[in-house]
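Here the structure comes first, spelled out in structure tokens, and everything after it is commentary.
Every read-out reported here was derived from the displayed coordinates using simple, explicitly stated rules and does not represent laboratory data. A quick note: this is a predicted structure, and the numbers were derived from the prediction, not measured. Please note: Cβ atoms are built from the backbone with ideal geometry, for glycine as well, and neighbour counts cover all protein chains shown.
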Amino acid sequence: MNGFIEALLDPSLPFVRNALAMGLLSSVLFGVVGSVVTVRRIAGLAGAISHAVLGGVGLALFLKASGAAPWLTPRIGALAFALLAAALVGLVSLKAKAREDTVINAIWAIGMSIGVLFLARTPGYADPMAYLFGNILLVGPGDLAMVAVLDLVVAGLAWRFYAQVEAASFDEEFARTRGVNTDAVFLGILGAVAVSVVLLSTFVGIVLVIAMLTLPAGTASGGARNLKRMMLASTLLAAAFSTGGLALAWELDLPAGAVVVVLSGGVFLASQAARAVRARGGRG
């Protein structure tokens, strides 16, 4: 651990401080958005959106390398595919419940396959692993600024529409009878997930971002009495997991994103085991 602290204080290693800042900033999105995803039990929808992002990355890299759209960046392509996937998933979920699982799996598989195909045809070498698993040590000031802005937007929206989001998350039928536009709330949540996935993929990558949207919130759900406390607790947990995982990864020379997720998963499983033991003891 001393080595990580020394790296943080070393003026010649700004990327370590950037990585820590990204982890802390990302924790707000993991906490706020992840709590809603967990409470509404739409992790599968979020997973489909996150994996479809690879299609936008591959298409953007192909168009840029071939000269068809030299201005197009992987982030723009990923954002376009993420929002498209969110719209498709949202509309199908609202209008055709019977086909929801089929469409989710189709978007999941087709999005990733499109990305792999375009990456294979991109001139030069394009490593899909960099987009699948990310590298927090490559985060720059621009990335930090964008995530900070998104934090403010998401936190502001959560504060402004907290009552509607909470009502729609726990009792959608009751919320609808009270005049809450639950469809708009649902589509707004999916939009926030889509944008968060694109920006956070820099941190833990496309494959692992869904884990960090659910594990801290899942751990916090055991002791939170309402959605607001769950958001706060999962934000603090995500910050702890990010900081601890980054420190362990630095000391052990391992991929930071994977270490963060393994640490988060270990704590989540331990918390679930402890809850099960307490519940069994209570029944006894």
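Among the DSSP helices (H) of the chain, those spanning at least 20 angstrom by Cα along their long axis with an average Kyte-Doolittle hydropathy of 1.0 or more are 14-40, 43-66, 74-95, 100-121, 141-160, 182-220, 227-252; this is a geometric and hydropathy rule only. With an a/c value of 1.5 or above and a/b not larger than b/c for the gyration tensor axes a ≥ b ≥ c computed over the alpha-carbon atoms, region 18-283 is described as oblate.
For region 4-79, which trypsin sites (Lys or Arg not before Pro) pass both filters: DSSP loop (anything but H, G, I, E, B) and at most 12 other C-beta atoms within 10 Å? Could you put the intermediate results ahead of the total?
Values: sites: R17, R40, R41, K64, R75; in loops: R41.
Filter output for region 4-79: R41.
Once C-alpha pairs closer than 8 Å and six or more residues apart are averaged by separation and normalised to the residue number of region 1-81, the relative contact order reads 20 percent. Once C-alpha pairs closer than 8 Å and six or more residues apart are averaged by separation and normalised to the residue number of region 18-283, the relative contact order reads 31 percent.
Among the trypsin sites (Lys or Arg not before Pro) found in region 147-256, those both in a DSSP coil and sparsely packed, with 15 or fewer other Cβ atoms within 10 Å of their Cβ, are R178, R225.
Shape of region 223-284 from the C-alpha gyration tensor: oblate (a/c of 1.5 or more and a/b not above b/c, with a ≥ b ≥ c the square roots of its eigenvalues).
For the chain, adding -39500 (n - 2.57) for each run of n ≥ 4 DSSP H residues and dividing by the number of residues yields -28500 deg cm²/dmol at 222 nm.
Here r is the Cβ-Cβ distance between L8 and A106 and R0 is 51 Å; the resulting FRET efficiency, rounded to 0.05, is 0.70.
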